[in-house]
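Beneath this line is the structure, given in structure tokens, with notes to follow.
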Amino acid sequence: MTPELTVLTLAALLQVVQFFLMAIPVNLQLGTAKTMSPRDPATMGGPMVDQVSPETGRLVRALNNHFEGLILFTIACTVITLSGQSTALTATCAWIYLAARIAYVPAYYYGLVPGRSLIWAVGFGATTLMLLAALF
């Protein structure tokens with residue numbers, strides 16, 4: 001397995017961890033009657049994320065952000081691996097992406113400004129560099 005695919009697997013496992021970090025406080029704060037429902041905002045009294053603490057809402061948004069970032073990172077890892085272009089640069093970029101995603105969760109939870117955005121930019125930049133390395 002290429003280093004990029006190893007990191008992709010670890011990033012997917014990070015997403016599993018993030019899911020539990022979000023789901024446990026959401027269930028504790030809203031109760032399972034709401035979280036197991038169809039979650040229609042009209043019957044729940046508004047969007048779920050608006051009914052939890054600010055910190056728990058941040059965990060929800062951090063998880064959603066990871067889904068978004070993981071799409072591009074998966075494309076980068078797949079292109080690098082399938083084209084046989086794994087290098088020290090692309091492997092380093094993959095590890096930087098993962099480190100940034102790990103750091104992003106507490107930065108978002110604690111509302112670090114502008115730290116959260118800078119951490120996000122590092123991960124996004126590493127993914128972008130992987131995509132560019134595949135082309136050039």
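All conditions in (1) in contact with a Gly (Cβ under 7 Å, 6 or more places away or on another chain); (2) closer than 17 Å to THR127 by Cβ hold for GLN51, with the sole exception of (2). Of all residues in segment 5-16, none satisfies being assigned to a loop (DSSP other than H, G, I, E, B), touching a helix residue (DSSP H, G or I) at 6+ places or on another chain (Cβ under 6 Å) and open to solvent by less than 70 Å² (accessible area, probe 1.4 Å).
Against the criterion of being free of Cβ contacts under 8 Å to residues at least 12 places away in the same chain and on the phi < 0 side of the Ramachandran plot, PRO38 qualifies. Of all the numbered requirements in (1) closer than 30 Å to THR92 by Cβ; (2) touching a residue at least 12 places away in the same chain (Cβ under 8 Å); (3) hydroxyl-bearing (Ser, Thr, Tyr), THR9 misses one, and that requirement is (2).
In segment 84-111, the residues that are under 27 Å from ARG61 (Cα atoms) form Cβ pairs under 9 Å with partners that are of a type in the set (Asp, Glu) and open to solvent by 40 Å² or more (accessible area, probe 1.4 Å), at six or more places apart or across chains, as follows: TYR109/GLU55; TYR110/GLU55; GLY111/GLU55.
Note on segment 94-111: residues that are outside any helix (DSSP H, G or I) and open to solvent by 70 Å² or more (accessible area, probe 1.4 Å) amount to 1. Taking the conditions exactly as written (in contact (Cβ under 8 Å) with a residue 60 or more places away in the chain, more than 18 Å from the chain's Cα centre (by Cα) and open to solvent by 20 Å² or more (accessible area, probe 1.4 Å)), does THR81 satisfy them or not? Considered against the rule, which asks whether it is in contact (Cβ under 8 Å) with a residue 60 or more places away in the chain, more than 18 Å from the chain's Cα centre (by Cα) and open to solvent by 20 Å² or more (accessible area, probe 1.4 Å), THR81 comes out as yes.
So, ALA91, is that one over 30 Å from PRO54 (Cβ atoms), of a type in the set (Gly, Ala, Ser) and part of a helix (DSSP H, G or I) or not? Taking the combined requirement at face value, the residue satisfies it. Against the conditions (1) modelled with pLDDT under 95; (2) surrounded by 11 or more Cβ atoms within 10 Å (Cβ to Cβ), GLN29 satisfies every one except (1). For a quick check of your reading of the model, give me the residue pairs whose first member lies in segment 112-136 and is open to solvent by 90 Å² or more (accessible area, probe 1.4 Å), whose second is in a helix (DSSP H, G or I) and among the polar types (S, T, N, Q), with beta-carbon atoms closer than 8 Å and at least 6 apart or on different chains. Going by the 8 Å Cβ cut-off, the qualifying pairs are TRP120/ASN65.
Taking ARG61 as the residue in question, decide whether it is exposed (fewer than 15 other Cβ atoms within 10 Å of the Cβ), basic (Lys, Arg) and free of Cβ contacts under 8 Å to residues at least 12 places away in the same chain.
So ARG61 fails the test.
The values are calculated or read from the model by the stated rules, or taken from the named source; none is laboratory data. Keep in mind that what you see is a predicted model, and the values were worked out from it rather than measured. Note that each Cβ is placed from the backbone with ideal geometry, even for glycine, and that neighbours are counted across all protein chains shown. With ligands, DNA and RNA removed, areas are computed over all heavy atoms of the protein, side chains included. Shrake-Rupley method; radii C 1.70, N 1.55, O 1.52, S 1.80 Å.
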